[in-house]
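In what follows, a single structure is set out as structure tokens and then discussed.
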Amino acid sequence: MSSYVKNIIRFCLIMLIQVFILNKITLRWWLEPAGFPIFIPYVYPLFILLLPFETPVAVLLILGFLTGLTMDSFSNTAGMHACATVFLAYLRTNVLNALLPKNLSEYYNQSPSIKNMGWMPFLVYCGFLILLHHIVFFTVELWSSNNIGYLFLKILASAITSLLFIIVYILLFTRQSATR
């Protein structure tokens, strides 16, 4: 299967999961929230995170904008998802260069995965970029420093939960190699 077709199918699958399942549920980390934020886990940035290593930054930025814009159109959030996803796409190549032992050009026709990177580097890669995505998104969403504790708690709870859902997605929808 072509890399383009595979990524189009992945985009559609991730967006369907995000829009029709995850956006419909609201999570709370405690029974009686008493000020604790309600949040929605966001797994749609995974599309950008799983694009092939050799994807140029300009293409990443365009795809990040289109991914965020798609999410904005379903969430009625006026560009907040697009802003956060473009930021994630911009930083992706630098984070991969910092985590991988070889240059990205040496990973021809490969994508970031547990198979190519190992569990810990892949989780650090996803976790760091998801955390940055959530920081940008929720800062733009709240746009106030009046309640910094609420913002911090919402970012942390959402990022942890999003990462858990991403791990479930990876385990369900990707092939794992038995060598690592």
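The values are calculated or read from the model by the stated rules, or taken from the named source; none is laboratory data. Bear in mind that the values here come from a model prediction, so they are computed numbers and not experimental data. Note that each Cβ is placed from the backbone with ideal geometry, even for glycine, and that neighbours are counted across all protein chains shown. We work out accessible area using only protein heavy atoms, side chains counted, and drop any ligands, DNA or RNA first. Shrake-Rupley method; radii C 1.70, N 1.55, O 1.52, S 1.80 Å.
Observations on the structure shown:
- Being open to solvent by 60 Å² or more (accessible area, probe 1.4 Å), over 22 Å from F165 (Cβ atoms) and at pLDDT 95 or above holds for only one residue in I62, I148, and it is I62.
- Pair list, Cβ < 6 Å and 6+ apart or interchain, from the range 54-75 residues that are under 14 Å from F11 (Cα atoms) to residues that are assigned to a helix (DSSP H, G or I) and of a type in the set (V, I, T): G64/I48; G64/T85; G64/V86; F65/V86; T67/T85; G68/T85
- Considering L156, L164, L171, the condition of being without any contact (Cβ under 8 Å) to a residue 60 or more places away in the chain, more than 21 Å from C83 (Cα to Cα) and open to solvent by 60 Å² or more (accessible area, probe 1.4 Å) is satisfied by L171 alone.
- Qualifying residue in the range 15-30 (condition: touching a His at 6+ places or on another chain (Cβ under 8 Å), at pLDDT 90 or above and either surrounded by 17 or more Cβ atoms within 10 Å (Cβ to Cβ) or more than 23 Å from L153 (Cβ to Cβ) (or both)): no
- A count restricted to the range 42-71 and to residues that are touching a helix residue (DSSP H, G or I) at 6+ places or on another chain (Cβ under 8 Å) and either under 20 Å from V140 (Cβ atoms) or in a helix (DSSP H, G or I) (or both) stands at 19.
- Members of the range 92-110 found to be modelled with pLDDT under 85 and open to solvent by less than 50 Å² (accessible area, probe 1.4 Å), listed by number: L100, L104, Y107
- Once the range 72-91 is narrowed to residues that are at pLDDT below 95 and either under 13 Å from the mean Cα position of the chain (by Cα) or in a loop (DSSP other than H, G, I, E, B) (or both), the residue that is surrounded by the fewest Cβ atoms within 10 Å (Cβ to Cβ) is N76.
- Considering (1) in contact with a helix residue (DSSP H, G or I) (Cβ under 8 Å, 6 or more places away or on another chain); (2) open to solvent by 90 Å² or more (accessible area, probe 1.4 Å); (3) in contact (Cβ under 8 Å) with a residue 60 or more places away in the chain, the lone condition that F128 does not fulfil carries the number (3).
- Every residue from the range 92-130 that is aromatic (F, W, Y) and either in a helix (DSSP H, G or I) or under 15 Å from I48 (Cβ atoms) (or both): W119, F122, Y125, F128
- Test result for L123, closer than 18 Å to M71 by Cα and surrounded by 16 or more Cβ atoms within 10 Å (Cβ to Cβ): no
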